[in-house]
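Inspection log for the structure reproduced underneath, given as structure tokens.
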Amino acid sequence: MRRPSALLLVFLAAGTAAAEPLHGIAMHGQPALSGDYTHFPYVNPNVKKGGRITYGVVGTFDSLNAFNLKSIRTTARGIWDPEFGNLIYESLMTRSADEPFTLYGFLAESVEWDDDRTFVQFNLNPKAKWSDGQPVTQDDVIFSFEVLRDKGRIPFSQRLNSVEKMEKVGEHGVRFTFNDKATRETPLILATSTPILPKHAIDVETFEQSTLKPPIGSGPYRIKSVSPGERIVYERNPDYWGKDIASKVGFDNYDQIAIEYFLQDNTLFEAFKKGAIDLYPDGSPTHWTRAYNFPAVTNGSIVRDAFQPQLPTGMLGFVFNVRRPLFADVRVRAALSLAFDFEWANKNLFDDAYTRTESFWQNSPLSALGNPADERELAVLGKARDRIEPDILNGTYRLPKTDGTGGDRKVLKKAVDLLAEAGYTIRNRRMVDKKGRQLAFEVMTQTQDQEKLAIAYQRSLRLIGVSMNIRTVDDSQYQSRSGTFDYDMIVKSYPSSLSPGIEQVGRWGSVAAKAQGSFNYAGTADPDLDRIMDAMRLARDREDFQASVRAFDRLLLSGHYVVPLYHVPQKWVARWKRIDHPQTLPLYGHQFSSWWDARVQ
């Protein structure tokens, strides 16, 4: 970010102080809702609150601290949770699910910034208070960022990397002045991606430790009971400070929320069939087609909803750990990607229900698929354009379609030719390097569906002399090994939004590649990827932003860090009829925190 002069900073600060504070901010353009909006357009503002819901998840938990490294994947759901809602802790602003990246007032009732985004000032709502009745203060905000910087895990520990100073302004304002590491996304990340914690109720000395002590938060719920690893129950805080603010109308509709834990998904589904669980998000086409022939479905007690959000597909795939020397050569990764026979797997495992994913932002204007790189994008790429495969650069790239036999000779020959370029050859039906060592690796899987896919992949690889072992592990081991990058290959999903930014740095950035607990599963540490991610986050208009995301998409595709799998355009949720939801679907799809108990209506 270009830094303005000191004189200009003074001028901007003075001008902003005199301006009317903003009710909302957008990454690009202006918020869709005016300052007098009464609720988000996708909620039911007249819903009657009450009743209860029970969610089910696969896994375990041993802590109520969601922000330290020890509890990175074993924290109880609901504390700080994008799926079930942030029930305990809250952010300064909240995101609208009906706009690409727009935030509205929350703990901060208004916000101020300058056009160059050299600073942002959050003005706290004077009504905001903690569950013990104490007010949310400027000191709480500053403390939260500092303790997470010093004691928290990635990405919370990195939030202040772009901040030159924090300071209190007036009675309710907290101003963040940025340094040269900041991007245009930085103010929005501070606003919505960091929990505000109560300074008076946090022991800094023990913050790095796991704990089952119920926390004090500003959110709509308090913890009622905890059974470690099995169940956590939240109850509504009747004195919740934010129940009437516009960005909270229509949300948090249950008096009680319970989250049950299961060791396996099939056990969770059986609990759902019996009515012990109220919702079952289903990601398997075969399961969605075949598993709902029991009485509660046929008599109408269970409803199956198919939602179609207006989002990019994202990417699901087998991820290469390029930290391993075996996968350092892009030609090896490209060859092994070719060997996966999607057509066979789709037909034999999934009744042809899936569509092949060929871009990280497929089905959106941000995708490189079908779009040749224009001059604006080429300028963003710079010399990195020379690394991009020609068909990916000109938009004609498509993954090859096999004959569906599981052993298409034409496609497998391309894989063998690429491996030959990388120094491998087939001897005695084994793909070996110049020293006679077989090309062999292990894929770590977590579910039966992942294991089935891996077996299909294993079969194809065996035809060209590549040995792939499959190791299916329990949730605890999976989380431990994935957090320390202890695998050759892993199956992971990369959800995509219409406003990619800081989360990409966590997935693909050089710094994240070395940080245990980060989401850089592939281990990429590439200056070109880092530079393009900076361009995405510095873009001032929609055209430059789109060009930078497409450029990033091309670099990821040409890097062959992932063996692309598949997607379905819909999101499926089965629910007992006692749970209902708004009829309007936002851009980003359904939000469970806006659903309600139909029995109390």
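Which of the residues spanning the stretch 171-181 are farther than 14 Å from Val111 by Cβ and more than 30 Å from the chain's Cα centre (by Cα)? Even if it seems obvious, please write down each step before you answer.
To start, the set of residues in the stretch 171-181 that are farther than 14 Å from Val111 by Cβ comprises 171, 177-181.
Within the stretch 171-181, just Glu171 meets the criteria.
Among the residues of the stretch 230-244 satisfying the criterion of being farther than 14 Å from Ile88 by Cα and in contact with a strand residue (DSSP E or B) (Cβ under 7 Å, 6 or more places away or on another chain), which is surrounded by the most Cβ atoms within 10 Å (Cβ to Cβ)?
Per the criteria, the residue is Arg231.
I'd like to check something: does the stretch 91-114 contain any residue that is assigned to a loop (DSSP other than H, G, I, E, B), in contact (Cβ under 8 Å) with a residue 60 or more places away in the chain, surrounded by fewer than 20 Cβ atoms within 10 Å (Cβ to Cβ) and more than 20 Å from the chain's Cα centre (by Cα)?
yes
Taking Asp132 as meeting all but one of (1) over 25 Å from the mean Cα position of the chain (by Cα); (2) under 28 Å from Phe40 (Cα atoms), write down the number of the exception.
(2) is the only condition that Asp132 fails.
Could you list all residues from the stretch 273-302 that are buried (at least 16 other Cβ atoms within 10 Å of the Cβ) and either of a type in the set (A, V, I, L, M) or out of contact with any strand residue (DSSP E or B) (no Cβ under 6 Å at 6 or more places or on another chain) (or both)?
Lys273, Ile277, Leu279, Ser284, Pro285, His287, Ala291, Tyr292, Ala296, Ile302
Which of the following residues is more than 25 Å from the chain's Cα centre (by Cα) and free of Cβ contacts under 8 Å to residues at least 24 places away in the same chain: Pro214, Pro228, Pro238?
Values: Pro214 fails: free of Cβ contacts under 8 Å to residues at least 24 places away in the same chain; Pro228 fails: free of Cβ contacts under 8 Å to residues at least 24 places away in the same chain.
Criteria check complete, one pass: Pro238.
Could you give every pair whose Cβ atoms fall below 6 Å, whose first residue belongs to the stretch 455-481 and is more than 30 Å from Asp417 (Cα to Cα), and whose second residue is in a helix (DSSP H, G or I), counting only separations of at least 6 or pairs across chains?
What qualifies is Thr472/Glu451.
Could you list all residues from the stretch 532-555 that are of a type in the set (A, V, I, L, M, F, W, C) and closer than 20 Å to Thr118 by Cα?
In the first step, residues of the stretch 532-555 are kept if they are of a type in the set (A, V, I, L, M, F, W, C); the result is 532-533, 535-536, 538-539, 545, 547, 549, 551-552, 555.
Result: Met533, Ala535, Met536, Leu538, Ala539, Phe545.
Can you tell me which condition Gln158 does not meet? The list is (1) farther than 18 Å from Asp139 by Cα; (2) touching a strand residue (DSSP E or B) at 6+ places or on another chain (Cβ under 7 Å); (3) in a helix (DSSP H, G or I), and all the others hold.
Result: Gln158 fails condition (2) only.
Out of Thr267, Thr313, which single residue is among the polar types (S, T, N, Q) and part of a helix (DSSP H, G or I)?
Values: Thr313 fails: part of a helix (DSSP H, G or I).
Of Thr267, Thr313, the one residue that is among the polar types (S, T, N, Q) and part of a helix (DSSP H, G or I) is Thr267.
Condition test on Phe84, is it modelled with pLDDT under 90, among the hydrophobic types (A, V, I, L, M, F, W, C) and part of a loop (DSSP other than H, G, I, E, B)? Before you say what the answer is, go through the steps one by one.
Working: modelled with pLDDT under 90: no; among the hydrophobic types (A, V, I, L, M, F, W, C): yes; part of a loop (DSSP other than H, G, I, E, B): yes.
Considered against the rule, which asks whether it is modelled with pLDDT under 90, among the hydrophobic types (A, V, I, L, M, F, W, C) and part of a loop (DSSP other than H, G, I, E, B), Phe84 comes out as no.
If a residue counts only when it is farther than 24 Å from Tyr354 by Cα, which strands (runs of 3 or more DSSP E) contained entirely in the stretch 435-529 have at least 2 such residues? Lay out the reasoning, then the answer.
On the way: elements: 440-445, 467-472, 489-494.
Once the strands (runs of 3 or more DSSP E) in the stretch 435-529 are filtered for at least 2 residues that are farther than 24 Å from Tyr354 by Cα, what remains is 440-445, 467-472.
Mind listing whichever residues of the stretch 121-145 are part of a helix (DSSP H, G or I) and either at pLDDT below 95 or of a type in the set (Asp, Glu) (or both)? Spell out the reasoning first.
Quick first cut of the stretch 121-145, residues part of a helix (DSSP H, G or I) only: 138-145.
Result: Asp139, Asp140.
Name the residue that is surrounded by the fewest Cβ atoms within 10 Å (Cβ to Cβ), counting only residues in the stretch 531-557 that are part of a helix (DSSP H, G or I) and among the acidic types (Asp, Glu).
Here is the first cut: in the stretch 531-557, the residues part of a helix (DSSP H, G or I) are 531-538, 542-557.
Still in the list and also among the acidic types (Asp, Glu): 534, 543-544, 553.
Details: Asp534: 16, Glu543: 12, Asp544: 18, Asp553: 25.
It comes out as Glu543.
The values are calculated or read from the model by the stated rules, or taken from the named source; none is laboratory data. These numbers were taken from a predicted model, which means no experiment stands behind them. Please note: Cβ atoms are built from the backbone with ideal geometry, for glycine as well, and neighbour counts cover all protein chains shown.
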